[in-house]
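Worksheet: one structure, shown below.
The values are calculated or read from the model by the stated rules, or taken from the named source; none is laboratory data. In this text, all values refer to a predicted model and were calculated from it rather than measured experimentally. Glycine gets a Cβ as well: all are built from the backbone with ideal geometry, and neighbour counts include every protein chain shown. What goes into the accessible areas is simple: the full protein's heavy atoms, side chains included, and nothing from ligands, DNA or RNA. Shrake-Rupley method; radii C 1.70, N 1.55, O 1.52, S 1.80 Å.
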Amino acid sequence: MAKGSFAWFEKRRKTEALNLAQEQMTKALDTTTLLHKAVQSASEGKIAEAKSFLEKLSKEEEEVDNLRRSVFKELTNVAVSVEFREDLMHLVKRLDVMADFVKDSARSVMVLLETTVPNEIWDINVKVAEALVQSATTLRSSIEKLGTDPAKARELAKKVNDIEEIIDKNYLEIKKLFIKYAHKVDPGTLLILDNLAEFMEQAADTCADTADYIAVLASEG
């Protein structure tokens, strides 16, 4: 995902805190792309490739954590309003939580690489991971429009929620597949698959929650 301009930030005086916040948000949202690539590779039996993507994701998520701490530290000295400081901290924290869920999803995929998963279950997980990328990409666009086009920011925020509904439907389909394959997949594998489904669904929920917050900020703007 290319790094773009967050006009909402550009309206304020350039500071290290705002630069760090933009970088943190970009990296947090980019973790979804690495997760999708890992799940896709796993579904195709490309174990080494999947592990490579998962290792990159782990490093990226560590950077997200470090950047979050740096942002909070810098915000104690930045010359912005209290309201903007709180809004920025909320966004940074929400996207940090989203990246945490993506990291947890990645850990589940790493374990699943050591076992056998039915193709049908892998395929629907690929769909969910792909939709999660769409959600993150749309959320980023919504944030970018905050300072220049509040109406578009709200429109994109709504789209994030629409994508989250699609993910919810696929989440239910995954649960149904657990029943279908209960006699063919060992309980341990099913448990990890359930964890993967839960973590990706929670990541999508966090994106939707963040989009709701963006819609509020856009309305206030």
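Checking the stated criteria, residue 146 turns out to be within 30 Å of residue 84 (Cα to Cα), more than 15 Å from the chain's Cα centre (by Cα) and in contact (Cβ under 8 Å) with a residue 24 or more places away in the chain. From the list 174, 214, the one residue that fits, being open to solvent by less than 60 Å² (accessible area, probe 1.4 Å), among the β-branched types (Val, Ile, Thr), closer than 26 Å to residue 113 by Cβ and touching a residue at least 12 places away in the same chain (Cβ under 8 Å), is 174. In the set (1) of a type outside the set (Lys, Arg); (2) touching a residue at least 40 places away in the same chain (Cβ under 8 Å); (3) not in a helix (DSSP H, G or I), the condition left unmet by residue 114 is number (2).
Only one residue in 129, 218, 203, 211 is assigned to a helix (DSSP H, G or I), small (Gly, Ala, Ser) and farther than 25 Å from residue 58 by Cα, so which one is that?
218
The C-beta contact set for region 25-41 (first residue in a helix (DSSP H, G or I), second residue of a type in the set (Phe, Trp, Tyr), distance under 7 angstrom, 6+ apart or interchain) comprises 34/53; 37/53; 38/53; 41/53.
Taking residues in region 181-209 that are at negative phi, and partners anywhere that are not in a helix (DSSP H, G or I), the pairs with Cβ atoms closer than 6 Å and at least 6 places apart or on different chains are 181/118; 189/115. One residue stands out in region 76-106 among those that are crowded, with 17+ Cβ neighbours inside 10 Å and of a type in the set (Lys, Arg): the one that is nearest to residue 21 (Cα to Cα), namely 94.
None of 139, 146 is in contact with a Cys (Cβ under 6 Å, 6 or more places away or on another chain) and either part of a helix (DSSP H, G or I) or open to solvent by less than 80 Å² (accessible area, probe 1.4 Å) (or both) except 139.
Looking across region 176-221 at every residue that is closer than 22 Å to residue 165 by Cα and of a type in the set (D, E, K, R), the one that is farthest from the chain's Cα centre (by Cα) is identified as 176. Can you find a residue that is farther than 30 Å from residue 185 by Cβ and among the small types (Gly, Ala, Ser) anywhere in region 115-134? No: region 115-134 contains no residue that is farther than 30 Å from residue 185 by Cβ and among the small types (Gly, Ala, Ser).
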